[in-house]
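Read the figures in this text as sums done on the coordinates, not as results from a lab. Please read all numbers here as calculations on a predicted model, not as lab measurements. Here the Cβ positions follow ideal geometry from the backbone for every residue, glycine too, while neighbour counts run over all protein chains shown.
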Ligand code: ADP
């Protein structure tokens, strides 16, 4: 977060003299209280300053980088996830390629009945099949996908930071967002309810940079 010269000056005054009232800060800077109002609002909203009625402003003890980290940890997968693009295990490699183009995604999730996660298929998985010279109209994606239980996933309540950490450490482009569903046989099924890709994270980064 980039502060203006005046905001930095306010911050320094409050750090050394706080708690201090808005009037007193204005006096120190030879400005009016009204002129300072937007700056004080920004500093308070960003968490750098705290304001108490009848006491005044004081420094929160936090620094801009800590506030950015706190903000990032507070954003959930649910806030930025996209609609999942799914195919069935019997879908041919050819149809999977067409689906990727039509839906403009790089990762497809393979689901069985009830939308339960079975696998994931990436661009490279599909390209690989072309090396084998197989008939991609007939070859089902089930043969080339990464299959459960080897699929990494996330859920809506996980923090975006923790999901992004999975993307980076496991070097994958997208995670299915799932909801746990108990199966009649007592095992856990994972219904696919969304998609979290590197694009979602990049978009969030841009929006945070714009101050949204
Ligand atoms: P690309 O193939 O376009 O480089 P990825 O890096 O996402 O895309 O995929 C690399 C490999 O990891 C592929 O074999 C793919 O099946 C697998 N993969 C992709 N996403 C996941 C995931 N969420 N969990 C486990 N494996 C994955």
Notebook entry, point to check: If you build a Gaussian network model of the chain, linking Cα atoms that sit under 10 Å apart, which residue out of 90, 198, 128 swings the most?
Noted result: 128
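Over 26 Å apart: what share of the alpha carbon pairs of segment 1-120 falls there, rounded to a whole percent?
When all Cα pairs of segment 1-120 are counted, 50 percent exceed 26 Å.
Explain nothing, just the number: relative contact order of the chain, from Cα pairs under 8 Å at least 6 residues apart, as a whole percent.
18 percent.
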Check: In degrees, nearest 10, range 0 to 90: what is the angle between the Cα axis of helix 93-103 and the longest Cα principal axis of the chain?
Finding: 30
Next item on the list: Could you let me know the centre-to-centre spacing of segment 46-80 and segment 88-132, using Cα atoms, in angstrom?
Entry: 42
Checklist line | Residue with peak Gaussian network fluctuation, the chain [Cα springs, cutoff 10 Å], from 131, 117, 40 | finding: 131
Next item on the list: May I ask for the angle, rounded to the nearest 10°, between helix 198-209 and the longest principal axis of the chain, with both axes built from Cα atoms and the value confined to 0 to 90°?
Entry: 10
Check: With a 10 Å Cβ neighbour count serving as the proxy for reagent exposure, in which order, fewest first, do 109, 101, 190, 153 appear?
Finding: 101, 153, 190, 109
Checklist line | q = 0.07, 0.13, 0.14 Å⁻¹: log10 I(q)/I(0) that the Debye formula gives for the chain, counting C-alpha atoms only | finding: -0.38, -0.77, -0.84
Checklist line | Max mean-square fluctuation residue, GNM over the chain, Cα-Cα springs under 10 Å, options 136, 75, 13 | finding: 13
Notebook entry, point to check: Does anyone have the angle between helix 64-74 and the longest principal axis of the chain? Alpha-carbon axes, 0 to 90°, nearest 10?
Noted result: 40
